[in-house]
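The values are calculated or read from the model by the stated rules, or taken from the named source; none is laboratory data. If you're wondering where the values come from, they're calculated on a predicted model, not measured in any experiment. Neighbour counts run over all protein chains shown; Cβ positions are idealised from the backbone, glycine included. We work out accessible area using only protein heavy atoms, side chains counted, and drop any ligands, DNA or RNA first. Shrake-Rupley method; radii C 1.70, N 1.55, O 1.52, S 1.80 Å.
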Amino acid sequence: MLSIYLGKMDGAIYHPPTYFDNQYEDEWITEELSVCMIRDVDHSEVVSARLIESPVLGPISTKELSGGVKTLMLMAFDGTGKVFNASVCGDNCAKWILEIANRKDLTINLRHIMDFGEGGFEARILNTGDMVHDMLGFARIAGKYV
Amino acid sequence: MKGKHRIVIQNNRLHYEFEVKRNISIIQGDSASGKTTLINMLRQAENLGDSSGVEVVCDVPCRVLEGRNWKLILENSFESIFFIDEENAFLNTEEFAASIHGSDNYFVLITRENLYNLPYSVEEIYGLHASGKYHDTKKVYQQMYQIYSNTGSIPVKPEKIITEDSNAGYEFFKAVSEERGILCESADGKSNLFAALDGIGREEVCIVADGAAIGPEMNRLYHQVIKNKNIHLYLPESFEWIILNSGLIEEKEIKEVLKKPEEYIDSKGYLSWERYFTKLLMDKTGISYMQYKKSKLNPFYLHDRSKRIILESINGIRF
C-alpha cells in the first residue's frame with residue numbers, strides 16, 4: 001500500500017541519494033528487485049555488489065548509480081522506517097514505487113506531481129486521508145500541496 | 001548579465017552541449033539522464049582545471065554553487081553561470097530567491113520541486129537526453145529538450161478564457177470576449193490558476209498566462225491539460241509582449257528587441273522578461289495617446305484598429 005505525504009515534510013530524508021551513499025548495504029544491490037530497477041532506470045547491469053556496468057560510464061561503483069535508483073532501493077530495503085523524498089526520482093521511477101508499494105506498506109514524500117502513468121493505481125494521500133485511484137484524482141489533490 | 005551563452009562540457013565519454021539565455025533555467029526529467037554527472041564534471045573542472053580531464057567551453061565561467069557558503073560566493077561573483085544540484089536545500093528558500101534578485105549571474109537549477117518564489121519561464125524548463133553517439137562510438141552526446149513543449153492544442157476557439165492577469169491584460173481579453181459571447185474571468189494571479197480550473201466542465205477553456213514567469217505553475221497545470229483535452233494553455237511572454245509583438249506600436253527598436261530579447265534584458269535589472277517588456281511598452285508609449293499603464297487599460301487599445309491588429313497577432317486563440 002502506497003501512502004504519500006505531499007509538500008515539505010518534517011523528518012523526511014530530503015536528499016536520499018546522499019543518505020544511501022552512507023547507509024546502504026552491499027546485499028541490497030544484488031537483490032533481484034534492485035537488479036531489475038538498475039537495469040530499467042539506469043540501463044546498467046549489476047556485476048556484483050560493488051560493481052555495476054554502465055553503457056555510458058563503463059564500470060562504476062554503487063555510489064555512481066542514479067539518485068532515482070538509489071532512492072528506490074532505500075524505499076525497498078531500508079528498515080529504519082524513514083520516509084524518503086521521492087521528488088529526487090524521475091517519472092521513470094514511478095512504476096517501481098508502485099511495485100515496491102505492492103510488496104510492502106510504503107510511505108513517501110512528494111514535492112512535485114510525479115506522473116504515475118496512464119493506468120490506475122492506489123495511494124492514500126496523508127495530507128487529506130483521501131484515496132486516489134488514477135493520475136486525474138492524484139493531480140487534483142497534489143496540486144493543492146506541491 | 002545578458003545574452004545567450006553556449007556551454008559545452010565534455011570528457012572522453014560524455015559531451016553535454018546546450019545554450020542558456022535567461023537568468024533562470026531549470027533541469028528536471030527522468031532519473032539517470034545525466035544531471036548529477038553533469039554537476040560532478042563541472043565541479044571537477046572548476047577544482048582542477050585542465051588537470052581534471054574535463055573540458056568546459058563557454059564565454060563566461062560555469063561554476064557549481066553548493067555548501068554553506070553559497071551566499072558569500074554569490075555575493076562576490078559576477079557574469080558567471082551557476083549550476084545548483086537538487087541536494088542543496090537552500091534552492092527553495094526565500095533567501096536564495098532574494099539572492100537571485102538583482103544578480104549579475106545566470107542560474108541553472110536541477111530540481112523537480114516547483115520554486116514558487118522564482119519567476120522562471122515555461123521555455124526554460126528542460127530535461128536531458130542522450131541524442132546519440134558523438135563522432136566516435138565511445139562518446140554520448142547529451143542535449144537539453146523543453147519539457148513543456150506541448151501545452152494543449154492551440155490555436156483554440158474557447159468558450160471560456162481565464163487570465164492570470166487582473167489588470168490591463170484581463171480588461172483587454174474581457175472586452176474582446178464580451179463582444180463574442182465568450183466568458184472571461186481573471187484568476188487574479190498565476191498561483192490561483194490551478195484552483196480556477198476546479199469546476200471546469202466540458203467547455204473549451206483557454207488559460208492565458210505570462211509564459212515568462214509561469215514556470216513554477218507548470219507541473220500542476222500541465223497534468224490538468226494532459227488529462228483534460230478541453231483545457232488549453234496560451235502562454236505568450238506577457239500581455240505587454242503581445243502588444244509589442246503585434247506591430248501596433250511602430251518602432252524599429254521594438255522589432256529588434258523582440259528578435260533577440262536576451263541581448264537587451266539584463267538579469268541584474270529584470271528578474272524575468274515580462275517586467276522588461278512592461279517597461280519597454282511603457283517607455284515607447286510615453287505620455288502619448290497610446291500611453292500604456294498596467295493597472296488600467298488605456299481605451300486606445302480597445303479601438304477597432306488597435307484591437308484588430310492585436311488580435312491578428314495572437315496565434316494561440318481564434319476569436
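Annotations for the structure displayed:
- Shielding by partners for peptide A:47-58, expressed as the average number of C-beta atoms from other protein chains within 10 Å of each residue's C-beta, is 2.
- At a Cβ-Cβ separation cutoff of 4.7 angstrom, cysteine residues of chain A with no neighbouring cysteine are A:C36.
- When the Cα positions of B:G247, B:G3, B:S295 are compared along the charge dipole of chain B, B:G247 comes out farthest toward the positive end, with charges on each C-beta of Lys, Arg, Asp and Glu.
- Normalised by the number of residues in the stretch B:160-313, the average gap of Cα pairs under 8 Å and 6 or more apart makes the relative contact order 24 percent.
- Helix-derived mean residue ellipticity, 222 nm - over the protein assembly as shown, DSSP H n ≥ 4, -39500 (n - 2.57), to 500: -8500 deg cm²/dmol
- Here the alpha carbons of the stretch B:70-223 define both size measures, Rg and Dmax, at 19.5, 62 Å.
- Within the stretch B:4-41, backbone nitrogen closer than 18 Å to the virtual label 7 Å beyond the Cα of B:E55 toward Cβ: B:6-19, B:38, B:41
- Per residue, the convex hull spanned by the Cα atoms of the stretch A:45-117 amounts to 108 cubic angstrom.
- Selection from B:T37, B:L48, A:A139, by position along the positive dipole direction of the protein assembly as shown (Cβ): A:A139
- Taking Cα centre as origin and charging only the Cβ of basic (Lys, Arg, +1) and acidic (Asp, Glu, -1) residues, the dipole magnitude of chain B rounds to 600 debye.
- Under 26 Å from the Cα of A:K104 - lysines, other chains or at least 8 residues apart: A:K8, A:K63, A:K70, A:K82, A:K95
- When you restrict to C-alpha pairs under 8 Å that are six or more residues apart and normalise by the size of chain B, the relative contact order lands at 19 percent.
- A Cα-only calculation for chain B places Rg and Dmax at 21.2, 68 Å.
- A:V146 accessible area, assembled protein chains, probe 1.4 Å, Å²: 10 Å²
- The mean of 1/r over all distinct Cα pairs in the stretch B:160-313, once inverted, gives the Kirkwood hydrodynamic radius of 16.3 Å.
- Cα convex hull, the protein assembly as shown: 152 Å³ per residue, rounded to a whole number.
- Using a 1.4 Å probe over protein heavy atoms, the accessible area lost on pairing B with A, summed over both chains, comes to approximately 2400 Å².
- Sites count as exposed loop sites when they are trypsin sites (Lys or Arg not before Pro), lie in a DSSP loop, and have at most 10 other Cβ atoms within 10 angstrom; the longest stretch of chain B without one is B:69-201.
- Residue-span extension gain [B:E94 to B:E253] - 0.36 nm each, minus C-alpha spacing: 53.6 nm
- Whole-number percent relative contact order across the stretch B:5-146, with pairs defined as alpha carbons under 8 Å at least 6 apart: 32 percent
- Surface exposure of the stretch B:5-146, expressed per residue as accessible area with a 1.4 Å probe, stands at 42 Å².
- Only lysine pairs 8 or more places apart or on separate chains count here, and in the stretch B:5-146 those with Cα atoms under 25 Å apart total 6.
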